[in-house]
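S.K.: My questions all concern the structure below.
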């Protein structure tokens with residue numbers, strides 16, 4: 001009697017093994033014909049990495065390979081990440097209204113001025129997120145160079161026709177109705193262009209000429225334009241995000257360290273050569289050197305943090321937002337959060353941010369291809385840096401840089417672009433291989 005062979009473990013189209021038990025799988029909906037061996041795989045072609053390939057898995061059956069098309073999980077996207085996004089958006093809307101109504105009433109004669117705008121842009125941002133989520137992220141390969149070119153042109157244009165506020169020229173728009181910060185577009189463009197370029201270069205990322213020089217030119221060009229505004233926080237965030245993407249793409253560690261050291265030296269030289277840069281550092285070390293000038297905002301922020309104590313003064317009960325703390329609805333909104341909700345409330349919000357970031361990197365690690373991994377890692381890294389810089393400034397751990405707090409700070413274009421980036425993350429999550437959902441092969 002012939003010895004019965006043990007069935008081979010099922011594999012997907014990339015050769016990954018499935019370890020799940022053999023039983024009925026309710027996700028299976030139909031079968032597709034086998035792919036010929038000489039048929040080119042679209043996954044190897046940048047810009048043609050189409051999702052239908054990802055909806056199929058291969059199982060050995062009777063000497064031939066059965067290709068099974070599977071149904072996605074509920075909604076087709078990562079539900080925990082989506083729920084964390086909605087949670088942060090709702091908490092941000094509540095805290096923005098609480099922190100802004102006094103300033104809105106005084107400066108605009110309408111206590112609802114900021115919250116109505118934020119609510120409108122949040123609704124528009126959600127719509128953009130759902131639209132982007134439904135588009136295969138592989139199409140971003142084709143948008144890499146155009147987005148980079150448009151962002152650089154806008155950074156040049158803002159220097160000539162931009163609106164100036166607080167001694168900084170960072171906005172393009174029509175009056176106060178609608179304005180756009182080209183720096184926000186530049187952040188997204190760097191993520192897309194760096195990820196696409198790194199995938200196209202492949203193994204050449206190990207060389208200095210291909211793996212360092214092109215990225216250094218882009219970062220240097222954007223850095224010069226941003227510092228002309230000036231916009232220190234955007235310069236730092238774009239630079240660090242770009243370096244992280246280059247590192248994840250496989251650049252040589254030694255050469256990348258050389259790039260990081262060069263960027264750090266140039267950045268230090270620029271900061272030391274700027275009058276307001278040294279003033280910020282001096283005020284950061286000791287705010288009392290100029291308590292009525294550059295040190296006033298950080299001192300009021302620390303007063304708000306101290307007033308909140310462990311449990312806070314209560315929602316809506318902040319005192320510093322009544323025209324004592326400048327920009328309580330923007331860069332320093334977290335100070336009002338801690339004043340009203342206390343140390344406990346502030347810590348809980350930080351933990352929600354941590355869960356959001358961890359889930360984002362989880363999606364990056366399980367993406368179906370390297371392009372998806374780099375895109376998600378770039379978006380989550382950018383958001384993480386903004387959170388760190390904003391909370392660090394509010395608590396006095398970092399010098400004032402002007403970084404906003406995602407989901408909380410008042411903003412229009414920045415909020416829409418944030419939701420568009422999150423749409424890319426959810427688009428990547430929709431194409432996570434079936435193994436992530438515990439797919440099991442069919443019986444027989």
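S.K.: Return a yes/no flag: does segment 122-144 have any residue that is assigned to a loop (DSSP other than H, G, I, E, B), in contact with a helix residue (DSSP H, G or I) (Cβ under 7 Å, 6 or more places away or on another chain) and either farther than 25 Å from residue 430 by Cα or at pLDDT 90 or above (or both). Explain how you work it out, then say what you get.
M.R.: Kept after step one, since they are assigned to a loop (DSSP other than H, G, I, E, B), are these residues of segment 122-144: 134-136.
Then drop every residue that is not in contact with a helix residue (DSSP H, G or I) (Cβ under 7 Å, 6 or more places away or on another chain), which leaves 135-136.
Next cut, either farther than 25 Å from residue 430 by Cα or at pLDDT 90 or above (or both) only: 135-136.
Yes, that holds for at least one residue.
S.K.: When segment 319-351 is examined, which residues are found to be in a helix (DSSP H, G or I) and in contact with a helix residue (DSSP H, G or I) (Cβ under 6 Å, 6 or more places away or on another chain)?
M.R.: Restricting attention to segment 319-351, the residues satisfying the condition of being in a helix (DSSP H, G or I) are 333-351.
The answer is 333, 334, 335, 336, 337, 338, 339, 342, 346.
S.K.: Condition first: over 20 Å from the mean Cα position of the chain (by Cα) and either modelled with pLDDT of 90 or more or in a strand (DSSP E or B) (or both). Now tell me which residues in segment 171-198 satisfy that.
M.R.: Those that are over 20 Å from the mean Cα position of the chain (by Cα) and either modelled with pLDDT of 90 or more or in a strand (DSSP E or B) (or both): 171, 172, 173, 174, 178, 179.
Let's see how each residue does on (1) under 15 Å from the mean Cα position of the chain (by Cα); (2) buried (at least 23 other Cβ atoms within 10 Å of the Cβ):
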{"residue": "332", "(1), (2)": "no, yes"}
{"residue": "348", "(1), (2)": "no, no"}
{"residue": "360", "(1), (2)": "yes, yes"}
{"residue": "377", "(1), (2)": "yes, yes"}
{"residue": "384", "(1), (2)": "yes, no"}
{"residue": "389", "(1), (2)": "yes, yes"}
{"residue": "392", "(1), (2)": "no, no"}
{"residue": "395", "(1), (2)": "no, no"}
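S.K.: I would also like to ask the following. Determine whether segment 306-318 contains at least one residue that is in contact (Cβ under 8 Å) with a residue 24 or more places away in the chain, closer than 28 Å to residue 111 by Cα and assigned to a helix (DSSP H, G or I). Steps first, answer last, please.
M.R.: From segment 306-318, those in contact (Cβ under 8 Å) with a residue 24 or more places away in the chain are 307-316, 318; that's our starting set.
Now restrict to residues that are closer than 28 Å to residue 111 by Cα: 307-309, 311-316, 318.
Now narrow it down to the ones that are assigned to a helix (DSSP H, G or I): 307-308.
Yes: segment 306-318 contains one or more residues that are in contact (Cβ under 8 Å) with a residue 24 or more places away in the chain, closer than 28 Å to residue 111 by Cα and assigned to a helix (DSSP H, G or I).
S.K.: Consider residue 436 against the criteria (1) modelled with pLDDT under 90; (2) not in a helix (DSSP H, G or I): it satisfies all of them except one. Which criterion is unmet?
M.R.: (2)
S.K.: Looking at 223, 261, 250, 242, can you tell me which residue is farther than 19 Å from residue 389 by Cα and assigned to a helix (DSSP H, G or I)? Outline the logic, then answer.
M.R.: Numbers: 223 fails: farther than 19 Å from residue 389 by Cα; 250 fails: assigned to a helix (DSSP H, G or I); 242 fails: farther than 19 Å from residue 389 by Cα.
Being farther than 19 Å from residue 389 by Cα and assigned to a helix (DSSP H, G or I) holds for just one of 223, 261, 250, 242, which is 261.
S.K.: Select from segment 159-198 the residues that are in contact with a strand residue (DSSP E or B) (Cβ under 6 Å, 6 or more places away or on another chain) and farther than 17 Å from residue 233 by Cα and list them in ascending order. Spell out how you get there, then give the answer.
M.R.: Keep residues of segment 159-198 that are in contact with a strand residue (DSSP E or B) (Cβ under 6 Å, 6 or more places away or on another chain), which gives 162-163, 171-173, 179-181.
Listed by number, the residues that qualify are 162, 163, 172, 173, 179.
S.K.: Are any residues in segment 145-168 surrounded by 15 or more Cβ atoms within 10 Å (Cβ to Cβ) and in a helix (DSSP H, G or I), and if so, which ones?
M.R.: 147, 148, 150, 151, 152, 154, 155, 158 - these are the residues of segment 145-168 that are surrounded by 15 or more Cβ atoms within 10 Å (Cβ to Cβ) and in a helix (DSSP H, G or I).
S.K.: Applying the selection to segment 71-99, what residues are farther than 21 Å from residue 348 by Cβ and either modelled with pLDDT of 95 or more or buried (at least 19 other Cβ atoms within 10 Å of the Cβ) (or both)?
M.R.: 77, 78
S.K.: Also: Does at least one position in segment 222-242 carry a residue that is under 23 Å from the mean Cα position of the chain (by Cα), farther than 23 Å from residue 151 by Cα and at pLDDT below 90?
M.R.: no
The values are calculated or read from the model by the stated rules, or taken from the named source; none is laboratory data. Just so you know, these numbers come straight off a predicted model, no measurement behind them. Glycine gets a Cβ as well: all are built from the backbone with ideal geometry, and neighbour counts include every protein chain shown.
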